[in-house]
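Accompanying notes for the structure given below.
The values are calculated or read from the model by the stated rules, or taken from the named source; none is laboratory data. Since we're looking at a predicted model, the values are computed, not measured. Cβ placement follows ideal geometry from the backbone for every residue including glycine, while neighbour counts extend to all protein chains displayed.
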Amino acid sequence: MTENSSKKAKVVIPVTGMTCASCVVHVSEALEEVPGVSQAQVNLASGQASVEYDPSKADVQNLERAIKDAGYGVGRDTALLQISGMTCAACVEKIQTAVGSLPGVSHITVNLATGTARVEYLSSVIRLKEIKAAIQELGYGAEEKLEGEAALEREKREREREVRRQLINLLVAAPLGALVMLGTFQPYWFLPHVLPAWMNNKVFLFILTTPVVLGPGRQFFVNSFNGLRRGVTDMNLLYATGIGAAYLIAVINTFWPDAGFGGREATFYEAAALLTTFIILGRYLEAVTRGRTSEAIRKLMKLQPKKAHVLREGQEVEVHADEVEAGDIVVVRPGESIPVDGVVREGYSAVDEAMLTGESLPVEKKPGDEVIGGTLNKTGAFRFQATRVGKETALSQIIQMVENAQLTKPPLQRVADMVAGHFILGVHILALLVFLFWFFIGFDLWFMPDSRLILTPYVLTGMGVFGFSLLTSITVLVISCPCAVGLATPSAIMAGTGKGAEHGILFKGGDALEAISKLTTIVFDKTGTLTKGQPSVTDVVAVGLEEQAALRLAAIAEKNSEHPLGEAIVSAARGQGLDVPDADSFEAIPGYGVVAQWNGQGVILGNRKLMAERGIALGDLTARAESLENQGKTAMFLATDGQSKGIVAVADTLKANSARAVAALKRMGLEVVMITGDNRRTAQAIAGQLGVDSVLAEVLPQEKANEVKRLQEQGRRVAMVGDGINDAPALAQADVGIAIGSGTDIAKETGHVVLMRDDPLDVVAAAQVGKATMKNVKQNLFWAFGYNTAAIPLGMGVVYPFTGLLVSPELASLLMALSSITVTMNALRLKAFVPPAKRDTGHEEETWLTTT
Amino acid sequence: MADDYLKKALRVSYGVSTGLALLMGLGFFLVTSFTGDHTALARYGGASWVFTLALIIALPTVTPFVKRRIRSQV
C-alpha cells in the first residue's frame, strides 16, 4: 500500500523476472537512481520492491519505468470491467482520463462498442473497488466482466435493459414531441383548418414539453453533472446545455414575453422537445444496432455445449460440459455437439467444423484424429478422450482471442478517440465564440426579421440579439456532437474480427487488422505453408542396376534417418513392396547425406558436396540431377563402393490452393516472396510453378527473421506466413505474423493473425477481411468527420447572411442522430461481407511439382 | 488515499473554474452595459450564458492542471 509521511511516500511494487540476488541488486540500483527515491528494498522471495520516494519528484510510473529499463517486469494486475451507460467517444475519453490519473493505474483501454474496459493497475497501490468507484462516480456502471455464458447473459441483459429504457423514454418523448410540434405550427400551412387554436397556447406547450425535458431528458442533465463534478465533459453536456437553454428561453418567452427573447411567437418548446426525442431515438437505435456488431462473439459463445456424456467407472453419465476432465472418455452420438477437445479412440464419423474453421465440408474422424469442442457430430457415433477442457479448449481460446482483438485499439481509433475526447471542449469554446460573434457583430450586420429556420415556416421576426445569438450557440453545441466519430472504428473492428473468426481467421488485435490492410509484401515459408511438408519420391535414376534395387539401397541407407527426405525414401520403397532391412552401420552427416554399410558394401546417399568429398565421379548424372532440380525436385546421388549408381529425386507436393493464393495476392497488388532452405535451383523451380515474385533460397531457419528485417529496411511492410512455432522469430519480426494451420493449438501460436486451417487461401481471405474492415473504418471516419465538417459551419450560421436560413436545434439533433446511425449501419454491412477468396472454394487437384 | 487527493484537487478546481467563469460573465456584463444599447435581459442573459459556457470550458481544462500540482505537493 502507499503511505505518506511528511514529504515521503512509500509504495510496494511487485517485480517479475528476478531469479537471483544480483537481480535484487540491479532492481534496487535502478530504483535508487530515480530522482526522488530515498530508499529501495527489494525482496527476491516475495518478488516485491518497497520504495520510499518524494512524490514531488517521482511517481509510480517513474518507478515502473526504472524497473522495466533494468530488464524486469512489473507484476500488474489486470481487470476486465463491464461498463454500462457509455454513449459516445467522449465517455471513453472521460473514463480513461479519470481512471488513468488515479495513482497506481498504469494503463486503461476503454472500448465503447463492447462496453468494456481493461485496466492494468498495481494492487499494492489501488484496489479494484476504488477503480470501480471512480467510474461509478462519473455516472457509469462498472462491474467485473464475467466470462463465457454468464458474461453473455449479463451483456445481453444490460443491452436489453438499455434498449427498454430508451424505448420507454422514446414512447414518452415522441408523442409529446409530435404534439408540441403540431401545436407550435398550428397557425401555419393548412393546420389552422384541422387543429384547434388552443393547441398553440404557450402554457399548453409548456405543460407538454416539461415532462419530456424532465423525464426522458433528465439523463443528460444527471450524466453531465456527474462528469462536471469530476472535472470532465462528455456528449451529455452538449445535449444538456442545448435542451436546457432552448427550454429556458421558451419558459421565459411564455411567462415573461417582453423579456427580449422574441416574445410569445418565438418559444422554442418544439426545439427542446424534439431535440430530446431525436437524441433518444439515436440512442435507442444505437443500443439496438451496437449489439449486432458483437454478434460474432455471441455466436461463438453459443457453440459451447452445456452437456456431455462421459464414461465414469464404466457407466455413461451425463455431466455439465464444464465438469469434463482431461483424460475422460466422452461419448458422442449423431447430431450431438462435441463438448471439449480431444482425440478419437473408438468409432468413426463425419464432423461439421465449419463454425470454427470455416471448412465447408464435414471432416472425417477416425481413431487418432483430433476433435474440437463446439463442433457438430454429423453421422456416426464415437468415443474420444478429452485432452483440453474448460478455458483450454480451442473454442474458449478463440473467444478469448476475438474478445482481446475487439478490445485492442488500432492506431486510427486512438487518434479518433483523442479527437472526439477533446472535441467537446472545442465545441463549447466554439459555441462561446459563435455567441459572442453574433451578439456583438453578426446580428447588427446581417439579421433579417423575415428570416427563418431551415425546413420550418418559423419567422424570426421578434427575435432579439440575445435570443438569436443563443439560438446559434445552442445549434453549434447540438450539431457538433462527435458520437459518430467514436463509433466509426470500434463498430467496424468488431464486425471485421467477427467476420474473420467465422472463417477460421483469428486476428489478435485491431492493430493486426489495420497492419494487414497496409501490407506491401507477403513472405511465405515454403515447407508446410505453400507445400504440404510431406515429401515423396518422384524419380529414381539407376545406372548399372534396376531402379527398384537402387531405391531399396537408398531406403536401407536412410532407414535409421529421421530426416523427412529419408522417411520419404523408406516409405516409397515399402510402397513398392520392397523389403528394407537395417543397415549394418549408419552415419548421418547433417547438410550432406548418409553413409551406411550393408551386406559388406558401402552405401552413400547424399548431395554433390558429399560425393565430391568422397571422390566419387558423377559423370552424366550431374546433368540429369540439374534437370530434376530445375523441376523443383531435390536430387540425391546414390553410390556403392565408391561408384555412382544413380539418383533418387524427392519432391514435396504443393497445396491445392497455393498457386491460386499467390495469384490472388498478386492481383491485390502485393509482392509475394518465398523463403526456403532449399538450393536456389530447386527453389526457383517451385517459385516458377507458383508464380511468386521472388525467392529467398538457402536460408537457414534461424536467418529467416533477418531476411524479414532486411525487407522491412527496404521500406516494405511485410507479412510473414509460416508455422507459428518453428517460424516464431520471423513471425514476430514481421509487421504482421500469420501463423498458418494452427488447428486447435491456438494458444501456442505466435503471430498477429492465426489461421486455424492450413489453406494458403486463408492468407488471402485474411488480407481481404483486413482491407474490407479498414475500408469500412475509413468510410465511417469520412462520414463522421465529414458530417461535422459540413454541419458545424451550418450550425454557426455561415450561410445565414446569404440565404437568411438558420439551422434549428431540432434539425441539428436529427442530423446528429442520423450520422451515428449511418456509421453503425455501414459497419453492419461487413456482416454480409464474404472474402472473395472464400466465395469459390472449389477443391482443386493437388499440384505436383513434377508437372513440368 | 486516492480519494483524498482527488477530492482536494476537485475542490480547488471548482473554485478556480468558477472564479474564471465569473470573471468572464462579469466582463461580458460590463462590456454590454457600457457599450451599445442592450436590454437588461440581453445583458443579464448573455452574462449567464457566457458564465455557463466558460465554467464548462474551465472545469476540464483546470482540473488536470490542479491535480498535477496537488499531487506534486503531497
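Just a few scattered comments:
- Search result, residues across the range B:1-20 that are touching a Gly at 6+ places or on another chain (Cβ under 8 Å) and modelled with pLDDT under 70: B:ALA2
- Taking the criterion of being in a helix (DSSP H, G or I), modelled with pLDDT of 70 or more, surrounded by fewer than 24 Cβ atoms within 10 Å (Cβ to Cβ) and within 14 Å of chain B (Cβ to nearest Cβ), the residues of the range A:246-274 that qualify are A:LEU248, A:VAL251, A:ILE252, A:PHE255, A:PRO257, A:ASP258.
- Subset of the range A:671-683 (residues that are surrounded by fewer than 21 Cβ atoms within 10 Å (Cβ to Cβ) and farther than 22 Å from A:ALA568 by Cα): A:GLU671
- Top-ranked residue of the range B:39-51 - restricted to ones that are surrounded by fewer than 22 Cβ atoms within 10 Å (Cβ to Cβ) and at the interface with chain A (Cβ under 7 Å from one of its Cβ atoms), ranked as nearest to A:TYR239 (Cα to Cα): B:LEU41
- Residue within the range A:678-691 that is assigned to a helix (DSSP H, G or I), in contact (Cβ under 8 Å) with a residue 40 or more places away in the chain and under 28 Å from the mean Cα position of the chain (by Cα) present: no
- Among residues of the range A:832-845, those that are over 19 Å from A:LEU755 (Cβ atoms) and at pLDDT below 80, counted: 2
- Just one of the listed residues (B:VAL62, B:VAL16) is touching a residue at least 40 places away in the same chain (Cβ under 8 Å) and facing chain A (nearest Cβ under 9 Å), and it is B:VAL62.
- Residue satisfying condition, being crowded, with 16+ Cβ neighbours inside 10 Å and without any contact (Cβ under 8 Å) to a residue 40 or more places away in the chain, within set A:ALA659, A:ALA639, A:ALA623: A:ALA639
Conditions tested, residue by residue: (1) over 13 Å from A:VAL650 (Cα atoms); (2) crowded, with 22+ Cβ neighbours inside 10 Å.
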residue	(1), (2)
A:LYS518	yes, no
A:THR529	yes, yes
A:SER536	no, no
A:ASP539	no, no
A:ILE556	yes, yes
A:ASN560	yes, no
A:SER571	no, no
A:SER585	yes, no
A:VAL603	yes, yes
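- Each residue in the range A:87-105 was checked for being within 14 Å of chain B (Cβ to nearest Cβ), of a type in the set (Gly, Ala, Ser) and not in a loop (DSSP other than H, G, I, E, B), and 3 of them qualify.
- Filtered residues of the range A:488-525 (kept if assigned to a strand (DSSP E or B) and either more than 12 Å from the chain's Cα centre (by Cα) or of a type in the set (Lys, Arg) (or both)): A:THR521, A:ILE522, A:VAL523, A:PHE524, A:ASP525
- Test: residue in the range A:233-243 that is among the small types (Gly, Ala, Ser), in contact (Cβ under 8 Å) with a residue 24 or more places away in the chain, within 28 Å of A:SER84 (Cβ to Cβ) and within 14 Å of chain B (Cβ to nearest Cβ): yes
- Selection over the range A:598-610 of residues that are touching a helix residue (DSSP H, G or I) at 6+ places or on another chain (Cβ under 9 Å), assigned to a helix (DSSP H, G or I) and either of a type in the set (A, V, I, L, M) or in contact (Cβ under 8 Å) with a residue 40 or more places away in the chain (or both) gives a count of 0.
- A:MET448, sole failed condition from (1) over 15 Å from A:PHE268 (Cβ atoms); (2) assigned to a helix (DSSP H, G or I); (3) out of contact with any Ser or Thr (no Cβ under 8 Å at 6 or more places or on another chain); (4) at pLDDT 75 or above: (2)
- Flag for A:ARG710 being over 24 Å from A:HIS503 (Cβ atoms), under 25 Å from the mean Cα position of the chain (by Cα) and modelled with pLDDT of 85 or more: no
- Those residues of the range A:1-37 which are modelled with pLDDT under 65, away from every other protein chain (no Cβ under 14 Å) and assigned to a loop (DSSP other than H, G, I, E, B), in sequence order: A:GLY17, A:MET18, A:THR19, A:CYS20
- All of A:LEU506, A:LEU513 fail the test of being in contact with a Pro (Cβ under 7 Å, 6 or more places away or on another chain) and surrounded by 23 or more Cβ atoms within 10 Å (Cβ to Cβ), apart from A:LEU513.
- A:PRO55 vs. criteria crowded, with 19+ Cβ neighbours inside 10 Å, within 11 Å of chain B (Cβ to nearest Cβ) and either among the β-branched types (Val, Ile, Thr) or more than 30 Å from A:ASN223 (Cβ to Cβ) (or both): yes
- Condition check for B:ILE56: over 23 Å from A:THR241 (Cα atoms) and either within 9 Å of chain A (Cβ to nearest Cβ) or not basic (Lys, Arg) (or both): no
- Candidates A:PRO809, A:PRO793, filtered to the one that is surrounded by fewer than 24 Cβ atoms within 10 Å (Cβ to Cβ), under 17 Å from A:SER469 (Cβ atoms) and of a type outside the set (A, V, I, L, M, F, W, C): A:PRO793
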